[in-house]
Structure formats: C-alpha cells, structure tokens
Amino acid sequence: MRGLGNSADVRVTNCLLVCGESNVVVVSPTQSARVECGARPIWLGRVLDSLTVASIVRWVKAGGPGRADLPSDLATIATEPFTDLVP
C-alpha cells in the first residue's frame with residue numbers, strides 16, 4: 001500500500017476463498033478502463049515476496065488492467081476467482 005501512494009484505492013479482506021493460492025491480490029481496472037476497453041479484474045495468487053509486490057505496484061502505476069499490459073512475471077501467477085458460490 002505504501003508504494004501506491006494515491007495511485008490506487010486499496011481494500012484489505014481476510015479471505016477471497018482461494019486458500020490454495022496463498023496471498024491473493026485482485027487488481028481492478030478503473031471505471032473508464034472497464035467502459036472503454038472492457039477491462040476486467042485480474043486475480044494474482046502466490047503474492048509472497050517484495051519483488052512481486054513491487055511488480056504489482058509498477059503495473060498499477062502504469063495503468064493496470066486495460067491500460068497497461070500485464071507484466072510477464074505477473075502473468076505466471078494470474079489465477080481464477082473463486083466462483084463456487086456464484087449461482
């Protein structure tokens with residue numbers, strides 16, 4: 001959160017129901033990226049070290065989903081959201 005400054009809003013939750021993916025970060029696009037580009041949230045699992053966190057911060061500052069390409073190091077940890085509870 002410190003690295004983002006005013007670049008993004010951060011919400012912390014106890015559980016996203018994907019325990020097997022360890023620490024999970026969901027990066028949501030801006031409203032304009034959703035409308036203009038059809039951008040969707042990106043779920044990243046196994047966020048376990050400062051290098052990964054720094055890569056997420058750089059990507060978010062560059063625009064995030066719909067505005068900046070997902071870095072290759074983050075693409076390897078992209079995961080699917082938990083959908084078993086969705087009807």
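Quick note: the coordinates plus some simple rules give every number you see, no bench work behind them. Note that this is a predicted model, so its numbers are computed, not measured. Positions of Cβ are backbone-derived with ideal geometry, glycine not excepted, and every protein chain shown enters the neighbour counts.
Between Arg2 and Arg34, what is the FRET efficiency for a Förster distance of 30 Å, r being their Cβ-Cβ separation, to the nearest 0.05?
So the FRET efficiency works out to roughly 0.70.
Taking N as the number of residues in the chain, what is its Cα Rg relative to 2.2 N^0.38 Å?
1.07
With unit charges on the beta carbon (Lys/Arg positive, Asp/Glu negative), name the residue among Val60, Leu74, Cys19 whose Cα is farthest towards the positive pole of the charge dipole of region 2-79.
Of the listed residues, the answer is Val60.
Using alpha-carbon pairs under 8 Å, 6+ residues apart, how would you state the relative contact order of the chain in percent?
In percent, rounded to a whole number, it is 32.
Evaluate the charge dipole of region 2-79 about its Cα centre and quote only its size in Debye, nearest 20, assuming +1 on the Cβ of each Lys and Arg and -1 on the Cβ of each Asp and Glu.
Its charge dipole is roughly 160 debye.
By how many nm would the segment from Ala68 to Glu80 lengthen if fully extended, with 0.36 nm per residue of separation less the alpha-carbon distance?
2.4 nm
Run the quick spin-label model on Cys15 and Ser50: label points 7 Å from Cα toward the beta carbon, then report their separation in nm to one decimal.
About 3.2 nm, to one decimal.
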